[in-house]
């Protein structure tokens, strides 16, 4: 394995060096006179403001702009990874053996969970995923955010990331910020991209085919369509488990090697996006955009060793002493690790009309429908309680998220005579309805068979095997159902240049929800240009996030590692209305509330552009899953007396408004471009510092020490990157270094043991490189590497993790798969 990695890295370094040498020898003397950085400075942004013509440095709030071309200049097929390497305030991990989190990866912007960031497409709200993150995600536990991987990079013209609270402008979720995907609008041309890559270890093969076509629609309209086919294979970075190795040493030849795989899941996906506009009579334009995507993925669950009694215990087939017996060792003589599969479907359609009327009133009337669904299946597993009648594959159920919305937005510049510019008055209304649905699995995935509890005629003891498909018991009819809510909102958003060099904005929004009531939020912004090239900017705002129907109604049973013992835990997630949850104090959910303050400066001098912005976000009544609450023998008896037996569950969790947090930090971005004799050189450097802490805790059972520590230290406090580009003639070179600061993986126990203790992991630099060559007018070829120097995180030293075959920490902020090389062929016609 190590030899393959070294050979792959050496070959890649040689290729990059050869291409780099060719570039140096082939440099032309002349270079373009255009300054790329100046082009970025003059770029108009549409996120965070409804005033027309506002450029990047003129914005009163900080906005990052990532071009579609930048997204393509790396090996990642998943948009999550492409964004992580370019926006340093965004973090996202790859999760292993974490149920649906392995398929829908939760991201974090400015230290907050994914459902505290609003995602837009063409300025319209993007629907959330059907997945409620109920597995062991310290920052995202309980979150239900959008699935960014459903958006193919080739469909994106650019991404605007607003690093400021904006609930008063856009509504629920915009606490950490807003990510706005602007789709391509070309009305002619074809772009085709083929990319292949794999990790230095020789696994994780990644195939990616992308196509974008622009077509004219009428004389001035366009129909732009993008498609993507991708296939990513599994990786494996674990070691053989000690218990599995002991079986092998004892002569058991049926044990897999490794018995449990630690690595990325396999994913096969097909995605389609379109964007269209057609001018009609007068100044009106009809528009539509939408998507359809399908993905299937496969991950691995924890290994079930032969000494696990609730699976492999010998049970009698009759009630006669000395009668025949059965054990699943006959089916799995070497133990087994269940295989978890998902089929995901994502679709949306938005249509509307926009234009100008009544002497300057701009209007935008639109409607949208969307649906995200995920179906769960298991292979290579059993429902132990069914005994020899158990199937080996199960349909465990399905989750669906459906959303519908209506929007009416208006903008009118009012000449007041009081200000240096007209007062930009924006106002509008929105209606939304969303439904979260749980569909039950097949009966065998959740049924309690006759071996769930019985008396052993040979011993007289009561014995039993686990109930439900091992790894992920199916959703039961009792937990199934469709849960809906609706809301409407009205807003006003004002902005103007009050006097020369001073821009002021104010926004307010009222929103009413059918399930928890109403909320009112406001925002104030200001920007003052001290002199040409230097401006100060700031904002203060309130925000909120409404509890989702999914959070209020999800019910699930998951299997996790017990960090104290290394064993497996059956953890039930119950809605706040469930009798078991209410026994432990569950209450109906209410909205989260936030206060956001930001202050910064923009310097634009001699081609250098520097922005620095401080932010402080206080979130009250944060919605989250409790930590694992053990079900004691006394609790079990009390629940049984209430008519709500806990069965074989070992712990329970539920949603609640349990704690308050404060998050503060600093974002700094520096950019410059030089037209030189040897070509155009560009430099961008960015740094982010984010620190979070729990400021108020209402229930110590809900947020244990593990959760409190990881809210502040799970993500690196420091992130940064430096990107250099060089373009000359047919050659183009990119070199990027990403910095990930130190971070901590905490455990529940306050007293460290050899099995379990808080482990800190050191900082790391990852280097990416790409060299591309324009072979013909239409064809270019590129070779590159993500994590060129093959960096890995520190090894996990905790025995509880080692006992499960883990080498590197599961939640590393930059993964643990090592270096990845790729080649890319691009055709533009």
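Among the numbered criteria (1) assigned to a strand (DSSP E or B); (2) buried (at least 18 other Cβ atoms within 10 Å of the Cβ), which one does residue 646 miss?
So residue 646 meets the others, but not (1).
Taking the conditions exactly as written (at pLDDT 95 or above, in contact with a strand residue (DSSP E or B) (Cβ under 9 Å, 6 or more places away or on another chain) and under 30 Å from residue 63 (Cβ atoms)), does residue 737 satisfy them or not?
It is true that residue 737 is at pLDDT 95 or above, in contact with a strand residue (DSSP E or B) (Cβ under 9 Å, 6 or more places away or on another chain) and under 30 Å from residue 63 (Cβ atoms).
Only one residue in 769, 754 is over 23 Å from residue 93 (Cβ atoms), in contact (Cβ under 8 Å) with a residue 12 or more places away in the chain and outside any loop (DSSP other than H, G, I, E, B), so which one is that?
Answer to the selection: 769.
Since residue 344 meets every condition but one in (1) surrounded by 20 or more Cβ atoms within 10 Å (Cβ to Cβ); (2) out of contact with any helix residue (DSSP H, G or I) (no Cβ under 9 Å at 6 or more places or on another chain); (3) farther than 30 Å from residue 242 by Cα, which condition does it not meet?
Residue 344 satisfies every listed condition except (2).
Scan segment 800-816 for residues that are farther than 21 Å from residue 91 by Cα and either in contact with a strand residue (DSSP E or B) (Cβ under 8 Å, 6 or more places away or on another chain) or modelled with pLDDT under 90 (or both) and report the count.
3
Regarding residue 469, is this residue surrounded by 17 or more Cβ atoms within 10 Å (Cβ to Cβ), outside any strand (DSSP E or B), touching a residue at least 12 places away in the same chain (Cβ under 8 Å) and out of contact with any helix residue (DSSP H, G or I) (no Cβ under 8 Å at 6 or more places or on another chain)?
Criteria not met by residue 469.
Which one is surrounded by the most Cβ atoms within 10 Å (Cβ to Cβ) among residues in segment 712-751 that are within 19 Å of the chain's Cα centre (by Cα) and in a loop (DSSP other than H, G, I, E, B)?
Among those that are within 19 Å of the chain's Cα centre (by Cα) and in a loop (DSSP other than H, G, I, E, B), it is 715.
Restricted to segment 26-73, and to residues that are modelled with pLDDT of 65 or more and part of a helix (DSSP H, G or I), which residue is farthest from residue 611 (Cα to Cα)?
By that ranking, first place goes to 72.
Among the residues of segment 526-555, write down those that are outside any strand (DSSP E or B), in contact with a strand residue (DSSP E or B) (Cβ under 6 Å, 6 or more places away or on another chain) and farther than 30 Å from residue 374 by Cβ.
The answer is 533, and nothing else.
Out of the residues in segment 393-434 that are within 30 Å of residue 315 (Cα to Cα) and touching a residue at least 24 places away in the same chain (Cβ under 8 Å), which is surrounded by the most Cβ atoms within 10 Å (Cβ to Cβ)? Let's see the steps before the verdict.
As a first pass, look at segment 393-434 and keep what is within 30 Å of residue 315 (Cα to Cα): 393-397.
After this cut, where a residue has to be touching a residue at least 24 places away in the same chain (Cβ under 8 Å) as well, the list is 394-397.
Details: 394: 28, 395: 18, 396: 25, 397: 24.
So, considering only residues that are within 30 Å of residue 315 (Cα to Cα) and touching a residue at least 24 places away in the same chain (Cβ under 8 Å), the one surrounded by the most Cβ atoms within 10 Å (Cβ to Cβ) is 394.
Give the residues of segment 283-325 that are in contact with a strand residue (DSSP E or B) (Cβ under 7 Å, 6 or more places away or on another chain) and part of a loop (DSSP other than H, G, I, E, B), sorted by residue number. Before the answer, list the steps.
The first filter runs over segment 283-325 and keeps only residues in contact with a strand residue (DSSP E or B) (Cβ under 7 Å, 6 or more places away or on another chain), leaving 283-302, 304, 311, 313-317, 323, 325.
Across segment 283-325, the qualifying residues are 283, 284, 301, 302, 313, 314, 317, 323.
Hey, residue 670 hits all of (1) under 23 Å from residue 596 (Cβ atoms); (2) surrounded by fewer than 18 Cβ atoms within 10 Å (Cβ to Cβ) but one; which does it fall short on?
So residue 670 meets the others, but not (1).
Would you say residue 666 is touching a residue at least 24 places away in the same chain (Cβ under 8 Å) and assigned to a helix (DSSP H, G or I)? Outline the logic, then answer.
Numbers: touching a residue at least 24 places away in the same chain (Cβ under 8 Å): yes; assigned to a helix (DSSP H, G or I): no.
No: the conditions fail for residue 666.
Mind checking whether some residue in segment 534-543 is modelled with pLDDT of 95 or more, within 30 Å of residue 582 (Cβ to Cβ) and in contact with a helix residue (DSSP H, G or I) (Cβ under 9 Å, 6 or more places away or on another chain)?
Taking segment 534-543 as the starting set, the residues that turn out to be modelled with pLDDT of 95 or more are 534-543.
Those left that are additionally within 30 Å of residue 582 (Cβ to Cβ): 543.
Narrowing further to those that are in contact with a helix residue (DSSP H, G or I) (Cβ under 9 Å, 6 or more places away or on another chain): 543.
Yes, segment 534-543 has at least one match.
Could you check residue 618 against (1) in contact (Cβ under 8 Å) with a residue 40 or more places away in the chain; (2) under 17 Å from residue 708 (Cα atoms); (3) crowded, with 20+ Cβ neighbours inside 10 Å and say which number it fails?
All conditions are met except number (3).
If only one of 368, 351, 360 is in contact with a strand residue (DSSP E or B) (Cβ under 9 Å, 6 or more places away or on another chain), under 22 Å from residue 272 (Cα atoms) and either at pLDDT below 95 or surrounded by fewer than 19 Cβ atoms within 10 Å (Cβ to Cβ) (or both), which one is it?
Going through 368, 351, 360 in turn, the sole match is 351.
Which one of the conditions (1) out of contact with any strand residue (DSSP E or B) (no Cβ under 8 Å at 6 or more places or on another chain); (2) closer than 30 Å to residue 191 by Cβ does residue 828 fail to meet, given that it meets all the rest?
The number of the failed condition is (1).
So which of 702, 624 ends up being under 26 Å from the mean Cα position of the chain (by Cα), in contact (Cβ under 8 Å) with a residue 24 or more places away in the chain and not in a strand (DSSP E or B)?
Residue meeting the stated conditions: 702.
The values are calculated or read from the model by the stated rules, or taken from the named source; none is laboratory data. Note that the coordinates shown come from a computational prediction; the quantities given were computed from them, not determined experimentally. We place every Cβ from the backbone using ideal geometry, glycine too, and count neighbours over all the protein chains shown.
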